[in-house]
Amino acid sequence: MNILITTLGSHGDLHPFLGIAAALQACGHLVKVLASAYYDSLVRAMGLDFVPLGTAEDFLSVARDPDVWHPQRGIGLIAQSLGKSMQRGYKAILEHAVPGKTVLVYSTLAFEARVAQETLGLPGVTVHLSPSIFRSVYDSPKITGMPMPAWLPKRVKEGMFELADRLIIDPLFGKPINAFRASLALLPVHGILADWCHSPQRVIGLFPAWYAAPQPDWPHQAVVTGFPLFDEKEVTPIPENVKAFLDAGSPPIVFTPGSAMVHGHDFFAAAVRACQIMGRRALLLTRHAEQIPANLPEGIFHAPYAPFSQVLPRSAAVVHHGGIGSTAQAMACGVPQLLMPMGFDQPDNAARIKALGVGDYLQRHQFEPDAVAAKLRGLLQSAKTTKACRTVAGRFKTEPNALAETVRVIEETAP
């Protein structure tokens, strides 16, 4: 098959799709990855065909905007950036689609692929990385500013979703999407995140059922396949200086606010101080070194990147933003995690890891050194947390291979 994989977002958003692309290519399919030019070297290092969209500066201009991590304004900023990205992505799909042989595999916000399904008649698979995108009045996702406790009547929850669509989601996303559709003589769409974003052929939830079980009101064409656990270790191995740091003392606490975060000064300052309070070593991970405090004390080390699958088994705990990839890696490695959720799927992931007993979370305004130290002490000293981490890590050893299952589902969607 000729498979076009289109995705938007950070390294954490890209990683699962690179894992899928490599697995599909290993099965003999022709695969092309359509993503920001920012990832050119990474995708090509994996031996995958790459179609760059826009420039690296286009990606960085969004990442540098502090509003991108605001719980309310972030979604508006993302919606504004979709206009140009949709045009570029759609043009690339037109250029590389092969009639009768092409399948589109695309992420939640790669709306140009959803449009191409209509105009080109191509089969497509929507891949949602986290369960928060699946709306349900049963097991409702935890969304910032829209609390839905389990006891709330289902009709009330339905009304809340409808109100959010009418007042926020459709006005924000509908404007660039419908302007683009109008340029192609297509009728406007509504219910963007309610149902339109889901491919009518197949929808994949890239997580296991024990993390988020499919609900009766999910799309009928949705299946879950599991966590892919891809972290580019094949092309970006653990650096030698990180190995040396790990060998030099007790297991550290790993801190990262996410690969796309460039406004993490306060996060890392709190991390350093919290570890000083506890007398613990720390590994600070970020590609944006300007966020790291100057003159780090002994026992605290900074590295641009290290694969979680190689680092976390040798760590005491991990503190992160709550992205689904980081959350899954921590669970697979059996280490406690403390989250500082900021927006998007992160609050929902935070609630799920706490319910599983493998971690806890602090809101961004609560992320102060004393609070971080107290939460970490509690997690590290809790026999209950240790047991839960081992139990959840064990599930990864017994469930089917997520990438193989994902490939199977995509192949079933072929023409």
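Only strands (runs of 3 or more DSSP E) wholly contained in the stretch 255-342 count here; list those with 1 or more residues that are more than 25 Å from Gln363 (Cβ to Cβ) and of a type outside the set (A, V, I, L, M).
Filter on the stretch 255-342 gives 300-303.
Is it fair to say Tyr106 is among the hydroxyl-bearing types (Ser, Thr, Tyr) and in contact with a helix residue (DSSP H, G or I) (Cβ under 7 Å, 6 or more places away or on another chain)?
Numbers: among the hydroxyl-bearing types (Ser, Thr, Tyr): yes; in contact with a helix residue (DSSP H, G or I) (Cβ under 7 Å, 6 or more places away or on another chain): yes.
Spelling it out, Tyr106 is indeed among the hydroxyl-bearing types (Ser, Thr, Tyr) and in contact with a helix residue (DSSP H, G or I) (Cβ under 7 Å, 6 or more places away or on another chain).
Of all residues in the stretch 170-190, which are free of Cβ contacts under 8 Å to residues at least 60 places away in the same chain and of a type outside the set (D, E, K, R)?
Here is the first cut: in the stretch 170-190, the ones free of Cβ contacts under 8 Å to residues at least 60 places away in the same chain are 170-171, 174, 178, 182-183, 185, 187-190.
Once the filter is applied, which keeps residues that are free of Cβ contacts under 8 Å to residues at least 60 places away in the same chain and of a type outside the set (D, E, K, R), the stretch 170-190 yields Pro171, Gly174, Asn178, Ala182, Ser183, Ala185, Leu187, Pro188, Val189, His190.
Only residues that are in contact with a strand residue (DSSP E or B) (Cβ under 8 Å, 6 or more places away or on another chain) and either more than 19 Å from Pro123 (Cβ to Cβ) or surrounded by 19 or more Cβ atoms within 10 Å (Cβ to Cβ) (or both): list them for the stretch 183-209, please.
Cys197, His198, Ser199, Arg202, Val203, Ile204, Gly205, Leu206, Phe207, Pro208, Ala209 - these are the residues of the stretch 183-209 that are in contact with a strand residue (DSSP E or B) (Cβ under 8 Å, 6 or more places away or on another chain) and either more than 19 Å from Pro123 (Cβ to Cβ) or surrounded by 19 or more Cβ atoms within 10 Å (Cβ to Cβ) (or both).
Please find, within the stretch 249-260, the residue that is surrounded by the fewest Cβ atoms within 10 Å (Cβ to Cβ) out of those that are in contact with a helix residue (DSSP H, G or I) (Cβ under 9 Å, 6 or more places away or on another chain) and farther than 12 Å from Leu284 by Cβ.
Filtering the stretch 249-260 for residues in contact with a helix residue (DSSP H, G or I) (Cβ under 9 Å, 6 or more places away or on another chain) gives 251-260.
Filter once more, keeping what is farther than 12 Å from Leu284 by Cβ: 251, 258-260.
On the way: Pro251: 16, Gly258: 24, Ser259: 23, Ala260: 22.
For the stretch 249-260, the residue satisfying everything is Pro251.
Of the conditions (1) within 14 Å of Ala63 (Cβ to Cβ); (2) more than 11 Å from the chain's Cα centre (by Cα), Val33 satisfies every one except a single condition; which number is it?
Of (1) within 14 Å of Ala63 (Cβ to Cβ); (2) more than 11 Å from the chain's Cα centre (by Cα), only one is false for Val33: (1).
In the stretch 9-68, which residues are charged (D, E, K, R) and farther than 20 Å from Ala402 by Cα?
In the first step, residues of the stretch 9-68 are kept if they are charged (D, E, K, R); the result is 13, 32, 40, 44, 49, 57-58, 64-65, 67.
Selection gives Lys32, Asp40, Arg44, Asp49, Glu57, Asp58, Arg64, Asp65, Asp67.
Looking at Arg287, Arg314, which is the one that is basic (Lys, Arg), on the phi < 0 side of the Ramachandran plot and touching a residue at least 60 places away in the same chain (Cβ under 8 Å)? Spell out the reasoning first.
On the way: Arg287 fails: touching a residue at least 60 places away in the same chain (Cβ under 8 Å).
Within the list Arg287, Arg314, the selection yields Arg314.
Quick one: how many residues across the stretch 325-363 are among the β-branched types (Val, Ile, Thr) and farther than 17 Å from Leu285 by Cα? Before the answer, list the steps.
Taking the stretch 325-363 and keeping what is among the β-branched types (Val, Ile, Thr), we get 327, 335, 353, 358.
Next cut, farther than 17 Å from Leu285 by Cα only: 353, 358.
Residues in the stretch 325-363 being among the β-branched types (Val, Ile, Thr) and farther than 17 Å from Leu285 by Cα: 2 in total.
Is it the case that some residue within the stretch 145-154 is over 23 Å from the mean Cα position of the chain (by Cα) and part of a helix (DSSP H, G or I)? It would help to see each step written out before you state the result.
At the first step, the residues of the stretch 145-154 found to be over 23 Å from the mean Cα position of the chain (by Cα) are 149-154.
Restricting the remaining residues to those that are part of a helix (DSSP H, G or I) gives 154.
Yes, the conditions are met somewhere in the stretch 145-154.
Looking at the stretch 360-378, can you tell me whether even one residue there is within 17 Å of Thr256 (Cβ to Cβ), touching a residue at least 60 places away in the same chain (Cβ under 8 Å) and among the aromatic types (Phe, Trp, Tyr)?
yes
Can Val235 be described as hydrophobic (A, V, I, L, M, F, W, C), modelled with pLDDT of 90 or more and not in a loop (DSSP other than H, G, I, E, B)?
Values: hydrophobic (A, V, I, L, M, F, W, C): yes; modelled with pLDDT of 90 or more: yes; not in a loop (DSSP other than H, G, I, E, B): no.
Criteria not met by Val235.
Given the condition charged (D, E, K, R), surrounded by fewer than 19 Cβ atoms within 10 Å (Cβ to Cβ) and more than 21 Å from Phe59 (Cβ to Cβ), answer yes or no: does some residue in the stretch 276-298 qualify?
Of all residues in the stretch 276-298, those charged (D, E, K, R) come to 280-281, 287, 290, 298.
Cutting the leftovers down to surrounded by fewer than 19 Cβ atoms within 10 Å (Cβ to Cβ) gives us 287, 290, 298.
After this cut, where a residue has to be more than 21 Å from Phe59 (Cβ to Cβ) as well, the list is 298.
Checking the stretch 276-298: at least one residue is charged (D, E, K, R), surrounded by fewer than 19 Cβ atoms within 10 Å (Cβ to Cβ) and more than 21 Å from Phe59 (Cβ to Cβ).
Output the number of residues of the stretch 382-400 satisfying the condition of being part of a loop (DSSP other than H, G, I, E, B) and surrounded by fewer than 13 Cβ atoms within 10 Å (Cβ to Cβ). Quick ask: steps written out before the conclusion?
First, the residues of the stretch 382-400 that are part of a loop (DSSP other than H, G, I, E, B): 382, 399-400.
Next, only the ones that are surrounded by fewer than 13 Cβ atoms within 10 Å (Cβ to Cβ) stay: 400.
Matching residues across the stretch 382-400 total 1.
The values are calculated or read from the model by the stated rules, or taken from the named source; none is laboratory data. Everything numeric in this text was worked out from a predicted model, so none of it was measured. When we count neighbours, we look across all protein chains shown, and the Cβ atoms used for this are built from the backbone with ideal geometry, even at glycine.
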